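Heads up, the thing below is written out as structure tokens.
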Amino acid sequence: MDSREKVLIASGVRKHYGGVRAVDDIDLEIRSGEVVALIGPNGAGKTTLFNIISGIVRPDSGDIVFRGIKVTGFPSWRMAELGVGRTFQNIRLFDDLTVAENIALAKKGPALARLSREDAEDILAAVGLSEHASSRAGSLPYGLRRQVELGRALASRPKLLLLDEPCAGMNPPEAASLSNSVLELANRGMSVLLIEHNMRVALAVAHRVVVMNFGRKIAEGTPEAVRNDDQVVEAYLGQSGGGSGA
């Protein structure tokens with residue numbers, strides 16, 4: 001039996017847009033130090049679920065509990081204060097600033113509190129950017145820019161990190177590097193929920209995989225179990241491509 005703390009518990013979460021059931025009665029649990037991959041075809045509802053968990057979208061019904069606190073409907077800034085960090089599909093950096101400055105500016109807290117030098121160096125090391133600390137963000141290749149985005153999400157020291165297609169547009173070596181960063185964060189005790197269309201990455205880094213289709217959860221289990229699930233193969237893995245969708 002897994003005795004690790006349940007960092008996130010989502011129960012019966014729903015979000016409908018007219019006749020579209022974007023998220024339909026979803027239950028989800030994530031434990032401390034666990035990497036959970038959220039996969040499914042375009043329009044499955046994955047990003048909508050991310051938006052609900054991070055406080056961007058308010059659910060129609062259901063409950064979200066984060067580290068023992070009922071946070072259903074809390075705004076995104078409050079969720080960030082409590083310890084939920086997030087990246088987005090589109091990279092949003094200050095290109096004229098250095099890598100270290102980008103990460104320092106992402107620090108959340110009272111009175112524009114900044115990261116200590118030690119914390120900044122730790123984050124740079126965790127995402128493989130130590131040697132690029134003084135480089136201008138806009139001068140970096142795409143894969144490293146993605147790593148900077150990850151570093152920015154870590155600046156507030158989240159307990160739960162939501163990664164929305166972190167490997168999108170990366171070549172295999174870049175994706176492998178980012179995957180190693182995710183695993184290192186999990187080894188440090190951080191919980192990670194990621195949407196990833198690259199199945200090689202998703203199945204390699206995840207301890208558990210949740211599969212959505214048409215707003216509903218159709219499968220959940222270890223990567224090996226999900227890979228061999230006939231319903232999953234029909235809905236997603238048997239198709240060419242795949243993406244994040246709504």
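Some notes on this structure:
- Residue match in segment 172-192 (condition: over 27 Å from ARG152 (Cβ atoms) and surrounded by 20 or more Cβ atoms within 10 Å (Cβ to Cβ)): no
- Just one residue in the set ALA219, ALA155, ALA206 is out of contact with any Phe, Trp or Tyr (no Cβ under 6 Å at 6 or more places or on another chain), buried (at least 17 other Cβ atoms within 10 Å of the Cβ) and modelled with pLDDT under 90; that residue is ALA155.
- Subset tally (residues that are buried (at least 19 other Cβ atoms within 10 Å of the Cβ) and not in a strand (DSSP E or B)) for segment 28-48: 8
- Only one entry of ILE69, ILE103 meets the criterion of being of a type in the set (Val, Ile, Thr) and touching a Gly at 6+ places or on another chain (Cβ under 7 Å), and that entry is ILE103.
- So ILE39, is it touching a residue at least 24 places away in the same chain (Cβ under 8 Å) and at negative phi: yes
- Taking the conditions (1) closer than 23 Å to TYR142 by Cβ; (2) touching an Asp or Glu at 6+ places or on another chain (Cβ under 9 Å) in turn, ALA204 satisfies each one other than (2).
- Leading residue by the ranking (farthest from the chain's Cα centre (by Cα)) among those in segment 94-113 that are in a loop (DSSP other than H, G, I, E, B) and modelled with pLDDT under 90: ALA113
- When each of SER156, SER130, SER135 is tested for being polar (S, T, N, Q), over 18 Å from ALA37 (Cβ atoms) and in contact (Cβ under 8 Å) with a residue 40 or more places away in the chain, the lone residue that passes is SER156.
- Test: GLY189 is in contact with a Ser or Thr (Cβ under 8 Å, 6 or more places away or on another chain), outside any helix (DSSP H, G or I) and under 21 Å from ARG86 (Cβ atoms): yes
- Verdict on LEU49 being hydrophobic (A, V, I, L, M, F, W, C) and under 16 Å from the mean Cα position of the chain (by Cα): yes
- Qualifying residue in segment 167-175 (condition: more than 29 Å from PRO41 (Cα to Cα), part of a helix (DSSP H, G or I) and over 13 Å from the mean Cα position of the chain (by Cα)): no
The values are calculated or read from the model by the stated rules, or taken from the named source; none is laboratory data. Worth saying up front: this structure is predicted, and the values here are computed from it rather than measured. Positions of Cβ are generated from backbone atoms using ideal geometry, with glycine treated the same way; all protein chains shown enter the neighbour counts.
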